[in-house]
Amino acid sequence: MTAVLEVRDLVKEYPVRSGVLRRVTGSVKAVNGISLSLERGRTLGLVGETGCGKSTVGRCLVGLVEPTSGAVLLDGDNLSAMSGRELRAARRRIQLVFQDPYASLDPRQSVEAIVSEPLRLHGLARNNESARAAALLDLVGLSSSVLQQYPHELSGGQRQRAGIARALALEPEVMVLDEPVSALDVSVQAGILNLLEELQQELGLAYVFIAHDLSVVRHVSHEVAVMYLGRIVEYVDADTLYASPRHPYTQALLSAVPLPDPRAERSRQRILLEGDLPSPIDLPTGCAFRSRCWNSTDACATVPELRVADGHAVACHHADLT
Amino acid sequence: MNPVLEVENLSVTFQYREGDVAALRNVSLRIDPGESLGVVGESGSGKSLTSAAIMGLLPNNASVTGSVRFLGQELLGAPESTLRDLRGRRLAIISQDALTALNPVHTVGAQIAEAIRVHDSSHSRAELRARAIELLDLVGIPQPSTRVDNYPHEFSGGMRQRALIAMSVANEPDLIIADEPTTALDVTVQAQVLDVLARIQARTSSSLMLITHDLGVVAGVADRVLVMYSGSVVEEAGVDDLFYKTTHPYTRGLLASLPRLDARDRSQPLYRIPGFQPAPVERPPGCPFHPRCDVAVAGLCDVERPLPIVVRTGHVASCHRAEIDGPIA
C-alpha cells in the first residue's frame, strides 16, 4: 500500500539573534531531519516533551511554517515543489486541528460561519453552505441548533467538535491533530477520542496525532514516533513501542507515566532522569540525549543514526537490535 | 491520633447582584499526621476552592460556613494575624504555576530566606543563605551553592517548581497543600517533582493534601482519596478501595473514560459520561450527578440530595444506589 503522507528529511531552522542590533548569531534546528510515512486510515502518534519539535513538524505539514529543507508528499505529490493555485488546491487535502478550542475559533463568528468558512475560501458549495455546515456538525455529533451560536456559548468539548467539523469541511485525506484533547477534562476527552476513531473508520482519514500524553497516544495510534530535541529517537508500531521500548529516552518516558492503578504504582520501578532538557541552542555534541542517559559511553560522542531492524527504528548506539 | 486538619460542613457561597451561588456544599474531610490525601475532580468541581477556603484566601464576596480546625485551632473567623502566622510556617501551599508564584526581581535564595525570616528573625544572613542552599540541595537542584544566586527566569520549569517546594517546606510545615503541582510539567519532570515531594514528606513527616485532576498521580501518591463533583464530595476511600471497589457512578465513569497505558484491549471505545458537569447556578435538584448517571432511580435521585453512606470502614459514597445496592465486594 502506498503512503498517503510521506515526509522526507524535514528540517526547520530558526535564526538566533542577539545583541542590541538583533544580528543573527546562529541557528536552532527545531526539526532536524525527520522522515515519516503514513497510510490511509491509519494514525501516527508523534510524542515528545515540550520543545522537542513535534508541533513544528505539524505546522510544516500543513504549510503554516515553511520548512528549511526536506519534502512533504501527499499521495506522491511533492508539496514543496508546488506553488500558487496548485499548492492551494493540494493544501485542501491536509488539515490541522488546533489544541486550544478556546483560542482557535473566531469569537465574533457564528458556528455556521466558522464551519463553512473553508468552503467559502475555496469557492466551494456557494448555494448550500448552511446545509453543508449542518451536515458537518451532524458528522461530529453536534445538533444543528448550535449553528447560530457563538463559540463562548459552547462547552470545551463542543468547541473542539466545531474545530474538527471545520477541518473536515474540505474533505481532507490527512488530518494533523495538534494536542486535540489536552485542554479538555477526561470525561470530555473520551468523547472526542471516540469521535476521531469513528470518523477515521467512516471516512478513511489518516491522522498525525501530536500529543504529550502517552496514554492517549497509545489509545489512538497504530504507529508511534518518539521525538527528542528535533530528532526521532524511536519509530515503530504502537504495540511494540509500549511493550518493548528500546531507546533509553522512550523507556524513561514510559516509566514516568502515572498509572491509575495503586498496586501497579507501588510495585513500579521508575527511571528518574537526571538534570534538565538541554537548551536547543546549546545541544550536546553527538547524541542529544547523552547528557541525561545512564548508558552513555564514548561512542555517544557521534550522532546515532536511526537504525531499522524488523520495522523497529531506534537512534541509539547501545540499542540491541538483534 | 489527633488530626492535623479537620474540615466539617464547609460551604462557600458567592454573593452577586443577581443572587447567591453555592459553589461549595458541605465538604468534610480529615487529614492525619503524615498522611497524604488526594483530592480529585474535573474543572469546576470545587477542589481548588476547598484549599482556598482552608487557607482563608477567598475573595470578599464569599461567605463561608462550617468549621476548619488546623492542629485543633479553628481557622474560620480567626483574625488575619493568626492566619498569617500559620501560613508558610505550619501550613504551606504549593501552587500550579511556579513562574507566577516566584518574584522575578529577587534571587531564588533571597526568596527562600525571606520565607524563613518572616516567621523567625533570629537568623543571621549567613545562616539564612546556608539554609537556602541546604533546601535547594534537598529538592535536587544541581550546584545549589551557585544556583542560590540565580533569578527565577534562569531556572527551568521543573527547577522552579522544586524551588517553590523548597520554599514551602523551609519551616517544616505540618501540612503541605499542593494544588496541581505538576500539571504544567512534562511527564519526566513530573516524576522528578513527585519524587522530591515524597522524599521531603518522609523526612519532615508532614501531611499532604494533593489536589489534582490526574487519577494516575493520585494512585501513586495518596493514602486516601476524595472525589469531588459540582461542589460536593461524592466519594471518599482509601486509595485501593477507591480504585478497586469504586462505588460512586461518577468515579466509575471517570475511571472508565481514561485511556490506559497498560490497556490490553484498545479496540473498545472509551466510556463517555454523557452531558456536562453543571455550573453551580444550573445544578439540578436531588443528586447533582443524576442527569448523567446510568443507574439513577427516577423519583429518588432527581428529588432527594443523597447523604454520605458508609459502605465499609473508611469508605463513604454520597449515592442513593450505594444505600440500595450495598457495598461492592
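The values are calculated or read from the model by the stated rules, or taken from the named source; none is laboratory data. Worth saying up front: this structure is predicted, and the values here are computed from it rather than measured. Backbone-built Cβ (ideal geometry, glycine too); neighbour counts: all protein chains shown.
Observations on the structure shown:
- Residue satisfying all of: in the stretch A:147-181; within 16 Å of A:Phe98 (Cβ to Cβ) and within 11 Å of another protein chain (Cβ to nearest Cβ); surrounded by the most Cβ atoms within 10 Å (Cβ to Cβ) among these: A:Val181
- Residues of the stretch A:70-87 that are touching a residue at least 24 places away in the same chain (Cβ under 8 Å), over 20 Å from A:Phe98 (Cβ atoms) and surrounded by 13 or more Cβ atoms within 10 Å (Cβ to Cβ): A:Gly70, A:Ala71, A:Leu73, A:Leu74, A:Asp75, A:Leu87.
- Looking at A:Asp77, A:Asp100, A:Asp106, just one residue is under 20 Å from the mean Cα position of the chain (by Cα) and either within 14 Å of chain B (Cβ to nearest Cβ) or acidic (Asp, Glu) (or both), and that residue is A:Asp100.
- Among the residues of the stretch B:84-122, those identified as in a helix (DSSP H, G or I) and over 21 Å from B:Ile211 (Cα atoms) are B:Arg84, B:Asp85, B:Val108, B:Gly109, B:Ala110, B:Gln111, B:Ile112, B:Ala113, B:Glu114, B:Ala115, B:Ile116, B:Arg117.
- You will find that of A:Gly53, A:Gly58, the residue that is closer than 22 Å to A:Ala165 by Cβ, out of contact with any Leu (no Cβ under 6 Å at 6 or more places or on another chain) and not charged (D, E, K, R) is A:Gly58 and no other.
- Among the conditions (1) over 14 Å from B:Val233 (Cα atoms); (2) touching a Phe, Trp or Tyr at 6+ places or on another chain (Cβ under 7 Å); (3) in contact (Cβ under 8 Å) with a residue 60 or more places away in the chain, the only one that B:Ser45 does not satisfy is (1).
- Here is the figure for the stretch A:243-283: residues that are within 12 Å of chain B (Cβ to nearest Cβ), part of a helix (DSSP H, G or I) and in contact with a strand residue (DSSP E or B) (Cβ under 8 Å, 6 or more places away or on another chain) total 3.
- If you filter the stretch A:231-241 down to residues that are surrounded by fewer than 22 Cβ atoms within 10 Å (Cβ to Cβ) and of a type outside the set (Asp, Glu), you find that the one that is farthest from the other protein chains (Cβ to nearest Cβ) is A:Thr240.
- Within the stretch B:292-329, restricting attention to residues that are part of a loop (DSSP other than H, G, I, E, B) and of a type in the set (Val, Ile, Thr), the residue that is surrounded by the fewest Cβ atoms within 10 Å (Cβ to Cβ) is B:Thr313.
- When every residue of the stretch A:30-45 is checked against the conditions, at least one turns out to be of a type in the set (Ser, Thr, Tyr) and within 14 Å of another protein chain (Cβ to nearest Cβ).
- Of all residues in the stretch A:210-230 being crowded, with 23+ Cβ neighbours inside 10 Å and not aliphatic (A, V, I, L, M), the one that is farthest from the other protein chains (Cβ to nearest Cβ): A:Gly230
- Among helices (runs of 4 or more DSSP H) entirely within the stretch A:128-229, having at least 1 residues that are modelled with pLDDT under 90 singles out A:129-139, A:156-168, A:186-203.
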